[in-house]
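The values are calculated or read from the model by the stated rules, or taken from the named source; none is laboratory data. Keep in mind that what you see is a predicted model, and the values were worked out from it rather than measured. Cβ placement follows ideal geometry from the backbone for every residue including glycine, while neighbour counts extend to all protein chains displayed. Calculation scope for accessible area: heavy atoms of the full protein, side chains included, ligands and nucleic acids excluded. Shrake-Rupley method; radii C 1.70, N 1.55, O 1.52, S 1.80 Å.
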Amino acid sequence: MNEQVNTAQLTPADFTTDQEVRWCPGCGDYAILKAVRTVLAEVGARRENTVFVSGIGCSSRFPYYIDTYGFHTIHGRAPAVATGMLLANPDLDVWIITGDGDGLSIGGNHLLHILRRNLNCQILLFNNETYGLTKGQYSPTSHQATRSPSSPGGSVDSPVDPAGFALGCGARFVARGVDTQIKQLTEVLKAAYHHKGASFVEIYQNCIVFNEDVFEDFTAKSNIADHQIQLESGAPLLFGKDKSRGIAFDPSSLGLKTVDASSGEADILMHDPANYNLASALARFANPDNPVATGVLYDNPAPVYTGHPVSTGKRSLEDVLRGGFSWQVGKNE
Amino acid sequence: MNIASNKELQEQATAETVVVRLAGDSGDGIQVIGSQLGLASAMAENDLGTFPEYPSEVRAPVGTTYGVSAYQVHFGGRPIKTIGDEADMLVALNPAALKTNLDTLKKGGVILIDVGSFTQRNIEKAGYESSPLEDGSLNNYHLLDPDISKMTLEAVADTGLNRKASMRCKNFWALGLVYWLYGRDRSPTVEWLNRKFAANPDVAGANVAALNAGHAYGETMEATATNVARMDQPPGTYSFVTGYEALAWGLAAAAELSDRQLVFASYPITPASPLLHTLAKLSDIGVRTFQAEDEIAAICAAIGVSFAGGIGVTSSSGPGIALKQEAMSLAVSAELPLVIVNTQRAGPSTGMPTKTEQSDLNQALYGRHGESPLVVLAAGTPAECFDLAIEATRIALTYMTPVILLSDGFVANSSSPWTLPNMDSLKKIEVKNHTDTENFNPYHRDPDTLARSWAVPGTPGCEHRIGGIEKDYATGHISYEPDNHQKMTDVRAARIDGIAKSIPPLKPDQGEAEGEMAVVGWGSTYGPISRAISNLRARGLSVSHIHLTHIRPFAPNQNELLKGFRQILVPEMNSGQLVNLLKAEGCPHAEKLSKMTGRPFQVKEIEEAVMSRLEATDE
Ligand SMILES: Cc1ncc(C[n+]2csc(CCOP(=O)(O)OP(=O)(O)O)c2C)c(N)n1
Ligand code: SF4
């Protein structure tokens, strides 16, 4: 770690820049910005050691609003730029901000590779199921039949699930949060920060202009209890009013099923974030049949990528130059 | 006999230079014996140039014409600038190699074939209707036709290798005979074989036995050996290097001279990959390499490296460079140092990946979006690859700009003797990170270089946000103001133009600084142009050779120098890209000499073009 000269605790305000925030009033991005500033203060992040890297999209404007180092790069490529930063200086605390279009359409390849390499960074993917900045076209996460300027008759592509994608890529930390569930979101972000390796967090974000309330079925206050299961490590997988429903193993499908938990007879599973199969099955849960899983789905650290090892001192450049066949011409043999 | 005639006799028996072309199936080990012949010649105090030509198929069927691999070596007792227009000797280890390479051999030249490989089947596979050994088609040549296959098997019989492994020593048998014919010393090759196969003494021994057997064959057959002139080389320590090695070492040297972490990020592509391979072997001197998922990731990672304070270097060839263009513009806008190496190949699209061309100059100059000027340099020899790798890094770090360094398949893969540089005598690259927090602004500029301040993450008090969005000239914050965009556009251009001040004045490589004609070149046409000009000058013609390494910006005195010549001829392996630039930038009388065959210029092509123009003006 870099030497930290000033160890005074910073506040969320210390991470706020003098730049005017330019998102539409009411955009979910504001809440995420606030949560991130809070988390940075709480975990004791140092401004000089922190870098926010983003691609292009509404969400990717994020670095301008956080008073750390920041780099707003090009569409989809933030993971690649971040990789270079970490190869040059592995002590940096790097946060990648990306959207569903940025991260999964144009940048899907880079997202795959940063996850499977396991670079030490946090990746926050703001999922609003639309391309906000380019005015509302359907995105790779849009559910089928989404009507948009580029799909007036309804989209025909089948959507990708970001968390499932991340797990498939070999990510060792995968979590979900919601822009309006700040308490859970800050907890998730803190866990992501503390995880060594690439931490992937999908954040359901409401684009009030182009895709308002698309997640209402499980994020509206009145729907949370019945349509979301908020994961907690070591706690039983229960949800619903009065925790009356739970998740159990389904031998017939080798998967999970939702069961009635009120009788106390069902074998309700405990959440174990180190269990890959459980995380994968939970990631696939979707309304209306099953609750959407939020919180930390998977947290199972593996060695962090630092590139091919380099060392100095064994040979010098002079040794390299003279190492092949070299010969002397002239007197001083 | 008086001394003069004695000298005359001696000169007759001594060749000033010799061109040997080795060809065989891709599995025959032609590249290995080619580079050994190069090394043996270098150690025999010859100057030389070499060039490998590979088939583009990874493993073409044995015996086919598209599976032929070749290696040309030009060596002798005067400075060698090219691989030689025509070969004096062709070694063809099978009929397909003969068929595809005969046109490179001069009339009356020597052909060495392995008669054992001229079976009916192989002759047919090569596409011959009748055996070239019998139909008189080789009458104009001097044919040596030992049964190399058989004699190799005999020579290695008691080394314990099986038949297949024994047959693999054929190449060294042929090399042994070549060594006899040109008086090369076998010991560097024996030493190399023993080192290379240290873990496999049987294999080393068999190859040495084959080499010796080929050599002994020459001796017993009393084949006439040619004496090759030796060079008076300037004193120094020499090595035998390829362009890509010199480039890799130059980048490593630049990292040492600037005391910064070099991170080389690349994605494999022919003919650029050897640079990645060479640098990957330098991790023990602190070089970091990153094989990215694609070219876009490679350049973006390099940009990330520079943002974090290292030297970001990326490399590719035409198609991959095309993918990097958006990110190059980002580096221009963010004003970050970056070195982009383009080892050009023949295009368009996948084109002819193993063949050489200089057709990405326009791409380097203009291949970005928006107005995004950057620096373009071009290397034409292995020595220049080393020097320009350092120069590219110096400019990138000093001026906070991307630099494109053009190489090509020919300069990258050809090799020549090289005087090893003395690291202590190389100039340090002094660029400091910005750490002063007082009124910090990332777009504050050094009035001299117009470079912005480079504060790197980890520096307290200099936190800042940058990106591709237009920045305010004064504060560095986002700005869409019309006048500001004009001002930023102007300053980005002025910064690149201003680099000219730091470039040494351009001088002719050969000849006077004014006169009837200058032949202007860049990149790997250096060798053939240089040789052509020295031949023409030896005939008393007033022509000069001007070689450009800095293409954007030009050396400050370039226009003035070119104005001193009545005619300007620009040979290029493209259809006139530099010519058009010269015309646009104040040299309207520049004339093109274009060649796009995938092969380098021949000396005589340039000589003829110069002569025809000089004669035309005589009338
Ligand atoms: C190479 C390139 N292609 C296309 C664009 C246009 N573009 C900018 S943002 C964007 C989509 C952003 O969507 P998302 O990542 O979901 O972010 P949001 O705006 O919704 O936060 C597109 C297509 C671009 N800037 N660059
Ligand atoms: S368009 Fe949507 S995502 Fe973009 S700022 Fe507005 S509300 Fe937010």
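Scoring A:176-188, A:98-110, B:293-305 by mean Cβ neighbours within 10 Å over their residues and listing the highest first yields B:293-305, A:98-110, A:176-188. The Rg/Rh ratio for segment B:515-619 is 0.93, where Rg is the radius of gyration of the alpha carbons and Rh is the Kirkwood radius.
Note on segment B:129-220: Cα-Cα pairs beyond 23 Å make up 31% of the total pair count. What angle do you read, to the nearest 10 degrees and between 0 and 90, between the alpha-carbon axis of helix A:29-43 and the longest principal axis of chain A? Here the helix axis deviates by roughly 60 degrees.
Counting only other chains, what is the mean number of Cβ atoms within 10 angstrom of the Cβ of each residue in peptide B:258-265?
The per-residue average across the peptide is 2.
Taking amide H atoms as placed 1.01 Å from N in the peptide plane, the amide H of B:V570 lies under 5 Å from those of B:V520, B:E591, B:K592, B:L593, each 5 or more residues away in sequence or on another chain.
Past the 29 Å Cα-Cα mark, which pairs from B:K355/B:K501; B:K487/B:K563; B:K507/B:K595?
With Cα atoms farther than 29 Å apart: B:K355/B:K501; B:K487/B:K563.
Applying both filters, DSSP loop and at most 11 other Cβ atoms within 10 Å, to the GluC sites (Glu not before Pro) of segment B:120-200 gives B:E129, B:E134.
Taking 0.36 nm per residue of separation and subtracting the current Cα-Cα distance, fully stretching the chain between A:K196 and A:D91 would add 36.6 nm. For the protein assembly as shown, the mean residue ellipticity at 222 nm estimated from helices alone is -10000 deg cm²/dmol, where every DSSP H run of n ≥ 4 contributes -39500 (n - 2.57) and the total is divided by all residues, rounded to the nearest 500. To the nearest ten degrees, helix A:78-88 and the longest principal axis of the Cα atoms of chain A are 40 degrees apart. Using the Cα gyration tensor of segment B:350-418, with a ≥ b ≥ c the square roots of its eigenvalues, what is the shape: rounded (a/c below 1.5), prolate (a/b larger than b/c) or oblate (neither)? Judged from the Cα gyration tensor, segment B:350-418 comes out oblate (a/c at least 1.5, b/c at or above a/b).
B:L181 sits among other residues whose Cβ lies under 14 Å from its own Cβ, and their net charge, with Lys and Arg +1 and Asp and Glu -1, is -1.
For A:T180, nonlocal amide neighbours, meaning residues 5 or more places apart or on other chains whose placed amide H falls under 5 Å from its own, do not occur. Projected onto their three principal axes, the Cα atoms of chain B cover extents of 84, 66, 49 Å, largest first. Per the accessible-area calculation with a 1.4 Å probe, the total area buried between chain A and chain B rounds to 5400 Å². Once R0 is set to 22 Å, what does the formula 1/(1 + (r/R0)^6) return for the Cβ-Cβ distance between A:L254 and A:A302, expressed as a FRET efficiency to the nearest 0.05? Once the sixth-power term is evaluated, E becomes 0.30. Shielding by partners for peptide A:49-55, expressed as the average number of C-beta atoms from other protein chains within 10 Å of each residue's C-beta, is 3. Among the GluC sites (Glu not before Pro) found in segment B:415-523, those both in a DSSP coil and sparsely packed, with 14 or fewer other Cβ atoms within 10 Å of their Cβ, are B:E430, B:E438, B:E512. Given 20 °C and 1.002 mPa s, compute D for segment A:158-240 with the Stokes-Einstein relation, Rh being the Kirkwood radius over Cα pairs; round to the nearest whole µm²/s. Result for D is 152 µm²/s.
Against the main long axis of the alpha-carbon atoms of chain A, helix A:182-194 sits at an angle near 30°.
Neighbours of A:I247 by Cβ distance under 13 Å: Lys/Arg scored +1, Asp/Glu scored -1, total -2. Restricting segment B:512-577 to trypsin sites (Lys or Arg not before Pro) that sit in a DSSP loop and have at most 14 other Cβ atoms within 10 Å of their own Cβ leaves B:R539. Pairs of Cα atoms in segment B:400-486 fall into 10 Å distance bins, from 0 up to the last occupied one, in shares of 12, 30, 25, 17, 14, 2 percent. Packing, as the average of other Cβ atoms within 10 Å across residues, places the peptides B:184-190, B:35-41 in the order B:35-41, B:184-190, highest first. Which translational diffusion coefficient, to the nearest whole µm²/s, is obtained for the protein assembly as shown from the Stokes-Einstein equation, given a Kirkwood hydrodynamic radius over C-alpha pairs, 37 °C and 0.692 mPa s? D, rounded to a whole number, is 104 µm²/s.
Taking 24 Å as the straight-line reach from the Cα of B:K170, the lysines in range (excluding those fewer than 8 positions away in the same chain) are B:K99, B:K125, B:K150, B:K196. Treating each Cα of chain A as one equal point scatterer and applying the Debye formula with no solvent, the log10 of I(q)/I(0) at q = 0.09, 0.10, 0.14, 0.15 Å⁻¹ comes out as -0.51, -0.61, -1.11, -1.25.
Let's see if you can work this out: charge +1 on each Lys and Arg Cβ, -1 on each Asp and Glu Cβ, no other charges. What is the dipole magnitude of the protein assembly as shown about its Cα centre, in debye to the nearest 20?
560
Cross-link pairs exceeding 28 Å in C-alpha to C-alpha distance, out of A:K314/B:K81; A:K34/B:K471; B:K107/B:K164; B:K427/B:K592, comprise A:K314/B:K81; B:K107/B:K164; B:K427/B:K592.
Take each residue of peptide A:61-72, count the partner chain Cβ atoms within 10 Å of its Cβ, and average: the result is 5.
Quick note on segment A:82-235: its Rg to Rh ratio, both from C-alpha atoms and Rh being the Kirkwood radius, is 0.98.
Using a ≥ b ≥ c from the Cα gyration tensor of segment A:1-125 (square roots of the eigenvalues), is it rounded, prolate or oblate, where a/c under 1.5 gives rounded and otherwise the larger of a/b and b/c decides, a/b for prolate? Judged from the Cα gyration tensor, segment A:1-125 comes out oblate (a/c at least 1.5, b/c at or above a/b).
For B:Y366 and B:M611, the FRET efficiency from 1/(1 + (r/R0)^6), where r spans their Cβ atoms and R0 equals 25 Å, is about 0.15.
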